[in-house]
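Structure, as structure tokens:
The values are calculated or read from the model by the stated rules, or taken from the named source; none is laboratory data. It should be emphasised that the depicted structure is a prediction, and the values quoted were computed from it without experimental measurement. A quick note on method: Cβ atoms are made from the backbone with ideal geometry, for glycine too, and the neighbour counts reach across all protein chains shown. To get the accessible areas, we keep the full protein, side chains included, count just its heavy atoms, and leave off ligands, DNA and RNA. Shrake-Rupley method; radii C 1.70, N 1.55, O 1.52, S 1.80 Å.
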Amino acid sequence: MTHVTTLLCLFMKPEKESHNLEHHWTRSAVVYQIYPRSFKDSNGDGIGDLRGIIQKLDYLNDGTERSLGINAIWINPIYPSPMKDFGYDVSDYYSIDPLFGTMADFETLVSYAHARTIKILMDFVPNHTSSQHPWFLESRSSRMNKKRDWYIWRDPKPDGNPPNNWLSVFGGPAWTFDATTGQYYLHSFLKDQPDLNWRTIEVREEMEHVLRFWLQKGVDGFRTDSISYLIKDDGFRDDPPNPNYIAGRSNPYDALLHIYSQGRPELLSAANTLCKVLDAYPHAFMVSEAYLGIPKMVELYRACDNNLHAPFNFNLITLPWNGESFKTFIDEFDAHLRPDDCPNYVFGNHDRSRVATRLGQKRARIAAVLQCTLRGMPFIYYGEEIGMEDLPVKEETGLDPWGKNVPGFNLGRDPERTPMQWDDTLHAGFSTSTPWLPLANNFRTINVARESLNPRSMLTLYRTLIHIRTHTPALLNGSYHSLPLQGGKDIFSFIRIYKKEGILIMINFSDTSHVVSFSEDVLRGFLNTGCRVLCNTECNDAKKYMNIDTLTLRPYEAYVLALPSK
Ligand code: GLC
Ligand code: CA
């Protein structure tokens, strides 16, 4: 971007009033997460790459109802990396790893995606670099090095032990001794991923520079990795023991309550630093990775003042599966948000067991309905749209360092990272040679080619839902109102309202049928007869009309209906 355009952007700062954001792309975005190693291999080395993504852009959105219809992509890290944590160990923030392609390929991807009105979100990894990053090589070379303070170095305890009891998420202590300079360095994740020191101003400035570099390349925003780890307690106090931890029963990392090693209050100012950079680019958006409850999520929303930043909301992943707990959580979350906040309800990603494995195929369809009809941005992890399932991988033979370092707790993430299942040919159309991770063995039945032909497949459901969402103002910008639970705790229903348009979503969370009825006095000025079916989980009722004064919802059935206004 030229200097003049940068200046122009500064003058075009986004306004805070809702009427301006209503047409911001984030308000109609459906984000598709691509784990690039596993999406599509274009050169036959068994590893997915940027040209592979370009080849599949039509699948993602060709402008017609036949394609998936997403309009934003978040790509997991594609920077040069020793790949100890498959790209989350970055050794250069300003280029592309040759495994994935070249900077020219990346620029082509951005321009081809934009031509299809698909936005691009980069993964941004500010908490740690690779131990092979030149900054760390400098930092570790001597205590006097000018980059010494870019990382977190502390003296051993008098007995030679690590400076405190902090643990690494990926197993063992968070400190590794470095004999060259006789100090320990901190790593919240692998020892190959030393934590940057966010209390050092040059580190913040460099990271701001990284953001600007990619924004000027035309990207539309970022997914910020591990944001709650950015700032640690400045007194380096020990984390207290977790009273609920039972040794041997759960992940050893859970032995402590991580109140000093992460989630510090100063984190909000670090988030604000990042948002300030984005302020100069009115189209840009940032979503931050932090596993938080409602009060802390709200603090992160408030950390930035332009409403173009959101924390991920991962709470639905672990909520008990019943209508009541979903209603209670969503009501409370929605009540805490301001109209301009951009919520999200995540069901899966590259760190979590696949939705269809965790919940089963039927409930995965309900997750699809919730994603596409609740307020805010859906995030769809590649393969969820065809109901891909985990590949059972033995920890000893797996590739993910987490599973290998902490065996016995099922922490390895290989199962949810298997190659995309495009068709039933050799290697599932992903590659012409053996993929880097084995394919899930059900690829001959669960694949894009086959599901494209099936009017009731998961893929058809996703395409329909995304299409409806994109063309229904009430689903994009409408307010959210839940209705009283029905069928005991089993039936959760809500209405989205925008101007005179009302959309009712009713969901049976249970494996039993329920008779339900919606009287007009709860329908906020809409009728309970002649409601048009936009979609149902079985994909067999679309375009019909139904009365909802009484009706039967079959097991795990959900409906999306347009309500006539009075
Ligand atoms: C985040 C990423 C995860 C990665 C970790 C360390 O949690 O989602 O995949 O291993 O950060 O960067
Ligand atoms: Ca490749």
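Of note:
- Extending 7 Å from the Cα toward the beta-carbon at both M546 and N244 defines two label points whose distance is 3.8 nm.
- Building the convex hull from the alpha-carbon atoms of the stretch 422-501 and averaging its projection over directions returns 8.8 nm².
- Degrees, to the nearest 10: 361-373 long Cα axis against longest axis of the chain: 90 degrees
- Residue-averaged [θ]222 nm for the chain, counting only DSSP H segments that reach four residues, each worth -39500 (n - 2.57): -7000 deg cm²/dmol
- Each part gets one Cα centre, and for the stretch 394-463 versus the stretch 225-304 those centres are 31 Å apart.
- For the chain, the longest principal axis of the alpha carbon atoms and the long axis of helix 103-115 meet at an angle near 20°.
- Rolled with a 1.4 Å probe across the full set of protein chains, the surface gives D155 an accessible area near 80 Å².
- The ellipsoid that matches the Cα gyration tensor of the chain has semi-axes, each √(5λ) in whole angstrom, of 40, 26, 25, with the longest given first.
- In the stretch 461-557, chymotrypsin sites (Phe, Trp or Tyr not before Pro) in a DSSP loop with at most 15 other beta-carbon atoms within 10 Å: none
- Loop-located trypsin sites (Lys or Arg not before Pro) in the stretch 136-179, at most 15 other Cβ atoms within 10 Å (DSSP): R143, K146
- Solvent accessible area, Å² - I201, 1.4 Å probe, full protein context: 100 Å²
- Surface share of carbon and sulfur [accessible, 1.4 angstrom probe, percent] for the chain: 53 percent
- The Cα atoms of the stretch 479-563 define a convex hull whose projected area, averaged across directions, is 4.9 nm².
- DSSP loop GluC sites (Glu not before Pro) with at most 14 other Cβ within 10 Å: longest gap in the chain: 66-265
- In the stretch 164-242, the convex hull through the Cα atoms has an average projected area of 7.0 nm², a quarter of its surface area.
- Rg and Dmax, both from the Cα atoms of the stretch 134-186 and both in Å, are 11.2, 31.
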